[in-house]
Amino acid sequence: MQVEKFYYDNKIVKMFAYATILWGVVGMLAGLLAAIQIYLPGANFNMPVTTFGRVRPVHTNAVIFAFVGNGIFMGVYYSLQRLCKARMYSDMLSKIHFWGWQLIIVAAAITLLAGYTTGKEYAELEWPIDIAITLIWVVFGINMFGTILKRRERHLYVAIWFYIATWITVAMLHIVNSIELPFSFMKSYSWYAGVQDALVQWWYGHNAVAFFLTTPYLGLMYYFLPKAANRPIYSYRLSIIHFWALIFIYIWAGPHHLLYTALPDWAQSLGVVFSVMLIAPSWGGMLNGLFTLRGAWDKVREDPVLKFMVVAVTCYGMATFEGPLLSLKSVNAISHFTDWTIAHVHIGALGWNGFLTFSVLYWLIPKIFKTQLYSKKLANTHFWIGTIGIVVYAIPLYWAGFEQSTMWKAFNEEGGLKFSFIETVTSIIPMYVARSLGGLLYLVGVFVMVYNIVKTVKSGKLVANEEAEAAPLSKVVETHGKEHWHRWIERKPVQMLIFSLIAVAIGGILEMVPTFLVKSNIPTISSVKPYTPLELQGRDIYVREGCYTCHSQMVRPFRDEVARYGEYSKAGEFVYDHPFQWGSKRTGPDLAREGGKNPDSWHFMHMWDPRRTSDKSIMPQYTWLFRDNIDTAITPAKIRAMQTLGVPYEKGYDQLANSDLKAQAKSIADGLKQDTQVKQLSSTEDGIDLKNLEQKEIIALIAYLQRIGKDIKAEPKKEAPIVEVSNK
């Protein structure tokens with residue numbers, strides 16, 4: 001048979017591998033800093049660029065899109081060429097993809113630390129970077145599909161199915177969730193508001209985990225695990241069921257992040273049902289991976305690559321069992337807003353994504369450098385340090401989650417809340433310390449790997465263009481006899497793409513369309529009014545500083561939450577919130593009913609130094625808010641953007657907005673200047689300059705905090721359905 005000689009591009013694989021290692025270290029260092037900042041306020045360094053609210057999204061974006069993202073591309077570029085028996089479609093597109101992605105990562109880090117954020121978790125990047133992501137993702141797609149179309153292998157292996165589904169679904173998720181209205185070069189408002197924004201965000205957020213952290217890594221598992229074990233995947237039929245069931249079911253599960261919120265009950269219930277169904281395909285994939293190693297456990301004991309893979313696949317199984325468990329309403333009532341969720345997420349991130357990435361690096365680097373791994377002993381050391389790090393990280397957070405929830409819900413004999421919120425925070429600080437030690441251990445293991453890989457690279461030489469040969473597709477001889485029914489689609493990548501899109505689009509369409517088009521899902525509340533210009537400025541400052549990373553704005557209909565915070569939240573009160581700010585974690589108390597609870601002077605002192613209002617507070621200082629002026633030049637553009645989004649400001653109000661802003665700011669500032677504590681603070685050596693106080697950002701933030709929840713307080717009181725959850 002006539003064969004063709006060609007060359008695999010290993011240089012691009014090496015580049016993505018190096019980027020994976022670099023950004024892994026950077027992302028984990030940011031995570032370690034954030035973990036320390038939780039219990040040590042001084043670690044925020046009293047600077048805007050180093051506060052937890054800005055460092056935390058840098059950490060999540062660096063780990064997800066820089067570390068895991070580059071890990072995906074490293075594995076795809078290596079495996080796709082060999083599965084298709086073809087060089088990548090275009091070396092130029094490969095380079096554009098690589099450098100474009102790295103520039104996006106750098107731009108993301110700079111802008112997030114500078115405070116440019118949309119305020120939507122895992123989708124914080126502003127509109128110019130969103131556009132860049134879209135363009136580079138298209139480049140990746142063209143390069144991937146071009147390679148598939150010129151392949152010399154007729155059938156598409158299961159790993160490629162997952163790559164295709166990943167590409168089309170991530171594109172859909174990113175575009176739909178990133179629809180926003182820019183009003184300046186680096187700032188925009190989400191096109192959606194309130195409940196609708198929450199649904200779209202967690203449809204995206206949950207499925208970013210599904211189709212960026214899971215499906216591409218399952219593709220890598222299906223390729224690299226059999227390669228490392230030197231045996232075929234356990235079951236072809238199981239891989240078919242795993243693939244189609246997973247991508248169809250996963251997309252429906254997003255609403256389980258919004259249980260007991262103002263989201264309509266039917267959407268919450270859909271999220272629960274499909275989350276529970278997810279156990280079957282997820283565990284099917286896990287078992288397919290583990291059963292591939294049947295009879296090879298002696299090899300697992302000796303080979304650090306397989307050790308990492310076994311723990312990675314096991315963590316995938318654990319996380320995908322715990323996810324559906326947490327979607328049960330009775331369990332979610334305990335876990336949501338607590339550190340239990342943080343522990344759950346990191347079992348997947350550290351165990352599944354981290355360990356599988358390490359295993360691929362350990363296997364792949366010696367291959368492309370034509371050498372042996374420098375030290376199996378060091379790789380085994382990394383494995384054990386990393387495994388212990390995961391355990392030390394996760395167990396204290398599970399403990400902290402249970403303790404938080406039970407303390408939040410505890411009542412004394414008189415029927416009052418047993419613990420203040422600050423008591424629930426200080427009681428779990430030892431667990432936070434232990435968590436950071438676990439993260440440090442995990443990071444030490446990464447540095448061991450870096451040393452091992454550097455020595456491995458130095459001992460070999462990169463085979464930039466690896467020679468291979470195969471028959472062209474037209475010359476491939478078909479096997480005769482009965483074929484499995486699924487084989488026909490494996491020959492048709494375009495049909496695979498279309499069927500994958502249909503499978504993942506159904507769930508999103510059926511959840512979103514009724515929420516957007518049926519008005520009864522979001523009943524209006526007459527007393528809810530648009531924010532004043534000053535309050536709108538303050539809300540944007542709140543978002544900029546990442547306050548949503550620690551504070552929720554969603555009172556759930558539980559007895560303890562209503563007793564602690566006030567009336568439960570309703571869908572209609574968020575109709576002017578672009579973006580929504582419901583949050584996902586309560587390191588600090590909920591703020592949904594904060595307006596009017598404390599005087600302006602309390603907020604003033606609290607933001608200058610939280611220890612002045614609560615000596616055990618772990619919140620950082622925000623002293624720059626007392627120094628920086630409100631950017632009134634942008635106020636008209638903000639008002640016009642809100643009008644475009646349907647917020648009912650009067651026509652021409654954009655030209656009058658700053659007059660109202662200055663009047664409200666002067667009223668708040670004049671009141672503060674008369675306060676005894678404020679005057680006392682201004683008289684100290686390092687005190688606050690009260691001159692031109694009405695121009696400072698702190699005034700806008702106070703205006704916003706004092707507004708939150710006040711519209712609902714103006715509504716006539718109604719009997720609220722309160723859900724009582726047993727502490728037993």
Please enumerate the residues belonging to segment 1-43 that are among the hydroxyl-bearing types (Ser, Thr, Tyr) and not in a loop (DSSP other than H, G, I, E, B). TYR7, TYR8, TYR18, THR20
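Each row is one residue, and each column tells you yes or no for (1) crowded, with 24+ Cβ neighbours inside 10 Å; (2) among the small types (Gly, Ala, Ser); (3) touching a residue at least 40 places away in the same chain (Cβ under 8 Å); (4) over 20 Å from ALA229 (Cβ atoms).
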position: GLY254; (1), (2), (3), (4): yes, yes, yes, yes
position: ASP265; (1), (2), (3), (4): no, no, no, yes
position: ILE279; (1), (2), (3), (4): no, no, yes, yes
position: GLY284; (1), (2), (3), (4): no, yes, yes, no
position: VAL305; (1), (2), (3), (4): yes, no, yes, no
position: VAL310; (1), (2), (3), (4): no, no, no, no
position: PRO324; (1), (2), (3), (4): no, no, yes, yes
When segment 44-100 is checked residue by residue, the ones that are of a type in the set (Ser, Thr, Tyr), assigned to a helix (DSSP H, G or I) and in contact with a Ser or Thr (Cβ under 9 Å, 6 or more places away or on another chain) are TYR77
Within segment 447-474, how many residues are surrounded by 13 or more Cβ atoms within 10 Å (Cβ to Cβ), assigned to a loop (DSSP other than H, G, I, E, B) and either touching a Ser or Thr at 6+ places or on another chain (Cβ under 9 Å) or outside the structural domain of HIS382 (by TED's automatic domain parsing) (or both)? 1
How many residues are of a type in the set (A, V, I, L, M) and over 38 Å from the mean Cα position of the chain (by Cα) when one looks only at segment 623-668? 2
Working only within segment 227-252, note down all residues that are buried (at least 24 other Cβ atoms within 10 Å of the Cβ), among the β-branched types (Val, Ile, Thr) and assigned to a helix (DSSP H, G or I). ILE247
List the pairs whose first member sits in segment 388-414 and is without any contact (Cβ under 8 Å) to a residue 24 or more places away in the chain and aliphatic (A, V, I, L, M), whose second member is surrounded by 15 or more Cβ atoms within 10 Å (Cβ to Cβ) and not in a helix (DSSP H, G or I), and whose Cβ atoms are under 7 Å apart, counting only residues at least 6 apart or on separate chains? MET407/PHE419
VAL457 is checked against (1) in contact (Cβ under 8 Å) with a residue 24 or more places away in the chain; (2) within 24 Å of TYR260 (Cα to Cα) and fails just one. What number does that condition carry? (2)
Quick check: anything in segment 644-666 small (Gly, Ala, Ser), under 21 Å from ASP540 (Cβ atoms), surrounded by 16 or more Cβ atoms within 10 Å (Cβ to Cβ) and touching an Asp or Glu at 6+ places or on another chain (Cβ under 6 Å)? yes
Just checking, how many residues over segment 421-435 are without any contact (Cβ under 8 Å) to a residue 40 or more places away in the chain and assigned to a helix (DSSP H, G or I)? 3
Is there a residue in segment 491-502 that is under 17 Å from ASP197 (Cβ atoms) and either outside the structural domain of ILE708 (by TED's automatic domain parsing) or surrounded by 13 or more Cβ atoms within 10 Å (Cβ to Cβ) (or both)? no
Could you grab the pairs with beta carbons closer than 8 Å, sequence gap of 6+ or different chains, first residue in segment 567-588 and on the phi > 0 side of the Ramachandran plot and in a loop (DSSP other than H, G, I, E, B), second one of a type in the set (Val, Ile, Thr) and crowded, with 19+ Cβ neighbours inside 10 Å? GLY583/THR549
Just for segment 102-120: of the residues that are in contact with a helix residue (DSSP H, G or I) (Cβ under 6 Å, 6 or more places away or on another chain) and assigned to a loop (DSSP other than H, G, I, E, B), which one is surrounded by the fewest Cβ atoms within 10 Å (Cβ to Cβ)? GLY115
I'm trying to understand the selection: among the residues of segment 98-156, which are among the β-branched types (Val, Ile, Thr) and farther than 15 Å from SER188 by Cα? ILE104, ILE105, VAL106, ILE110, ILE133, THR134, ILE136, VAL138, VAL139, ILE142, THR147, ILE148
Residues within segment 276-298 that are part of a helix (DSSP H, G or I) and closer than 18 Å to TYR223 by Cβ, tallied: 8
Within segment 87-97, how many residues turn out to be out of contact with any strand residue (DSSP E or B) (no Cβ under 7 Å at 6 or more places or on another chain) and either surrounded by 22 or more Cβ atoms within 10 Å (Cβ to Cβ) or among the basic types (Lys, Arg) (or both)? 2
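The values are calculated or read from the model by the stated rules, or taken from the named source; none is laboratory data. As the structure is a computational prediction, the values presented were derived from the model and not from experiment. Cβ coordinates were reconstructed from backbone atoms using ideal geometry, including for glycine residues, and neighbour counts include every protein chain displayed.
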